Amino acid sequence: MLPKTELARVQQQVTDYDKTRERLLVLTRKITRLASWVIIQTHRKQLSKSETMLRDAEESIAQIRNLLRERSDFNQAGYVIVAFQEFAEAKILFGFVSRQKLLSQREVGVDWMPYMLGLLDFIGELRRRTMDQLKDGKLKEAQRTFGSMESIFEDLLSLDRTSIIPTFRRKMDVAKKLVEATRADVIADIRRASLEKAIKSVEKRIR
C-alpha cells in the first residue's frame, strides 16, 4: 500500500501534467486557427491583417516554448508539432508574398521538423497562388511562382533519411501530384496564349 504522502505526490504530478496538456491544447488550437486565417488573408492580399494575426500566433508560440521548457515530455506531442508546422506554413507564405523571398528556418522561428513539413504544405499554397495568377491572366507571374514551387519540391526530394520524419513521405506524394498538375495547367495556358498570339498575327496579315 502506498503511503499517503507518496499518493498525494503522484496525484499532484498527474494533475500538473493534465493542466499543462490542457493549456497546450488551447494554445495549439489558437495557433492553428490563426495560421489558417493568415493564409486566407495573405491570398486575399490583406497583408496588414495577416501580419497582425502572425504576431498573435507568435505570442502563443512563445507561451508554448515556455511551457515546454518546464515540461519537455510534451516536446514530441503530435498536436504541438502540427501547430508549429501550421504556423511555419503561414509565415513562409506571408514572407513569400510580402517580401518576395523564401524565409529560412531561422527567420520562421521553428525547429527543423515543423519547418520542413511547413514547406511541404506551402507547396499547396503555391499551387493556389499559381492558379489565381493564371485566372487573372498573369502568365509570367504564374510561371515564376510555379518555378519556385517546383524548386522547393526538388530540394526537399534531394534530402536523405527523411523517412524518420512523421508524415513526410505522404506529404511528398501529395506535393508531387500538385507539382505535376500545376505544370500541366501552366503549359496549357502557355499554349493557349501562344495560339491566341498566332491567331492575332494571322488576322493582322489578312487585314
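The values are calculated or read from the model by the stated rules, or taken from the named source; none is laboratory data. Because the structure is a prediction, the values reported are computed rather than measured. All Cβ positions, even for glycine, are placed from backbone atoms using ideal geometry, and neighbour counts span all protein chains on display. The area values use the complete protein model at the heavy-atom level, side chains included, leaving out ligands, DNA and RNA. Shrake-Rupley method; radii C 1.70, N 1.55, O 1.52, S 1.80 Å.
Residues of the chain: accessible area per residue at 1.4 Å, in Å²?
62
Considering only the other residues whose Cβ falls under 14 Å of the Cβ of VAL174, what net charge follows from Lys and Arg at +1 and Asp and Glu at -1? If you can, show how the numbers build up before the last one.
Working: positive: ARG127, ARG128, ARG169, ARG170, LYS171, LYS176, LYS177; negative: GLU89, ASP121, GLU125, ASP173, GLU180.
Summing Lys/Arg as +1 and Asp/Glu as -1 gives +2.
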*asked:* Could you work out what % of the accessible surface of segment 1-160 is carbon and sulfur, using a 1.4 angstrom probe and leaving DNA, RNA and ligands out of the count?
replied: 51
*Cross-link pairs beyond the 31 Å C-alpha cut-off, checked among LYS49/LYS135; LYS49/LYS200; LYS176/LYS200; LYS45/LYS176; LYS138/LYS177; LYS135/LYS171*: LYS49/LYS200; LYS176/LYS200
*On a 0 to 90 degree scale, rounded to 10, what angle separates helix 47-70 from the longest Cα axis of the chain?*
30
*asked:* Per residue of segment 89-96, what does 6.51 cos²θ - 1.76 cosθ + 1.60 with θ = phi - 60° give for ³J(HN,Hα)? Whole Hz please, x for Gly and Pro, Karplus curve as stated.
replied: 4, 5, 6, 4, 4, 4, x, 5
